[in-house]
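Peer 1: Take a look at this one; I'll ask things after.
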Ligand code: ZN
């Protein structure tokens, strides 16, 4: 159901040259993260760890997080999945690292809103590349998998 093919060239009415160029840019960002994911490693000294599973697609990720007080000092992930799940995880580790708990939770909300088609206008940095996912409901879980794992860990760190 969820191949490594990206959904952005699904059949449908033409959407105009500008939007197509943007789709191609976003697609190349996603493919690049899929080929060379950032922070793709175990973290032996992590303070939190969570697994993410998306049975609809077969994506399986583990996300590690290290908190120092209120700050996320390191994030990493490992696993296998489609290009969207890996690219989203890779970009998540980049933007969440160094953030406070509140900032990381706000990023979760902004990215979740973006991929479900209700963008908040918040600055999600490179994650904008995932905006096309909202047109493909089955891929929303792929895009948000690592984010849910991260949010679970942040929540646990509250205790
Ligand atoms: Zn997937």
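The values are calculated or read from the model by the stated rules, or taken from the named source; none is laboratory data. Computed from a predicted structure; not experimentally measured. No Cβ is skipped: glycine too gets one built from the backbone with ideal geometry, and neighbour counts run over all protein chains shown.
Peer 1: Tally up the residues in the stretch 113-159 that are in contact (Cβ under 8 Å) with a residue 60 or more places away in the chain and closer than 24 Å to residue 21 by Cβ, please. Reasoning before the result, please.
Peer 2: Looking only at the stretch 113-159, we keep the residues that are in contact (Cβ under 8 Å) with a residue 60 or more places away in the chain, and these are 126, 128-133, 135-136, 138-139, 141-142, 145-146, 148-150, 152-154, 156-157.
Imposing the further condition that a residue be closer than 24 Å to residue 21 by Cβ reduces the set to 126, 128-133, 135-136, 139, 142.
Of the residues in the stretch 113-159, 11 are in contact (Cβ under 8 Å) with a residue 60 or more places away in the chain and closer than 24 Å to residue 21 by Cβ.
Peer 1: Within the stretch 128-159, can you find the residues that are more than 16 Å from the ligand (Cβ to nearest atom) and surrounded by fewer than 23 Cβ atoms within 10 Å (Cβ to Cβ)? Lay out the reasoning, then the answer.
Peer 2: The initial filter retains those residues of the stretch 128-159 that are more than 16 Å from the ligand (Cβ to nearest atom), namely 128, 131, 150-159.
Hits for the stretch 128-159 are 128, 131, 151, 152, 153, 154, 155, 156, 157, 158, 159.
Peer 1: Within the stretch 141-152, is even one residue part of a loop (DSSP other than H, G, I, E, B), touching a strand residue (DSSP E or B) at 6+ places or on another chain (Cβ under 8 Å), at pLDDT 95 or above and more than 16 Å from residue 26 (Cα to Cα)?
Peer 2: Checked the stretch 141-152: no residue is part of a loop (DSSP other than H, G, I, E, B), touching a strand residue (DSSP E or B) at 6+ places or on another chain (Cβ under 8 Å), at pLDDT 95 or above and more than 16 Å from residue 26 (Cα to Cα).
Peer 1: Could we say that residue 98 is modelled with pLDDT of 95 or more, outside any strand (DSSP E or B) and surrounded by fewer than 22 Cβ atoms within 10 Å (Cβ to Cβ) here? So that I can check it myself, show each step before the final result.
Peer 2: Working: modelled with pLDDT of 95 or more: yes; outside any strand (DSSP E or B): yes; surrounded by fewer than 22 Cβ atoms within 10 Å (Cβ to Cβ): yes.
It is true that residue 98 is modelled with pLDDT of 95 or more, outside any strand (DSSP E or B) and surrounded by fewer than 22 Cβ atoms within 10 Å (Cβ to Cβ).
Peer 1: Right, another one. Take residue 104 and decide whether it is over 19 Å from residue 34 (Cβ atoms), outside any loop (DSSP other than H, G, I, E, B) and without any contact (Cβ under 8 Å) to a residue 12 or more places away in the chain.
Peer 2: Details: over 19 Å from residue 34 (Cβ atoms): yes; outside any loop (DSSP other than H, G, I, E, B): yes; without any contact (Cβ under 8 Å) to a residue 12 or more places away in the chain: no.
So residue 104 does not fit the description; no.
Peer 1: So, one more: Looking only at the stretch 31-87, which residues are in a loop (DSSP other than H, G, I, E, B) and either within 11 Å of the ligand (Cβ to nearest atom) or surrounded by 15 or more Cβ atoms within 10 Å (Cβ to Cβ) (or both)?
Peer 2: The answer is 37, 38, 39, 43, 46, 47, 55, 56, 57, 58, 81, 82.
Peer 1: Something else now. From the list 27, 71, which one is under 19 Å from the mean Cα position of the chain (by Cα) and modelled with pLDDT of 85 or more? I'd like the intermediate steps shown before the answer.
Peer 2: Working: 71 fails: under 19 Å from the mean Cα position of the chain (by Cα).
Checking each option against the conditions leaves just 27.
Peer 1: Something else about it: Can you name the condition, by its number, that residue 122 falls short on among (1) part of a loop (DSSP other than H, G, I, E, B); (2) in contact with a strand residue (DSSP E or B) (Cβ under 9 Å, 6 or more places away or on another chain)?
Peer 2: If we test residue 122 against (1) part of a loop (DSSP other than H, G, I, E, B); (2) in contact with a strand residue (DSSP E or B) (Cβ under 9 Å, 6 or more places away or on another chain), just (2) comes out false.
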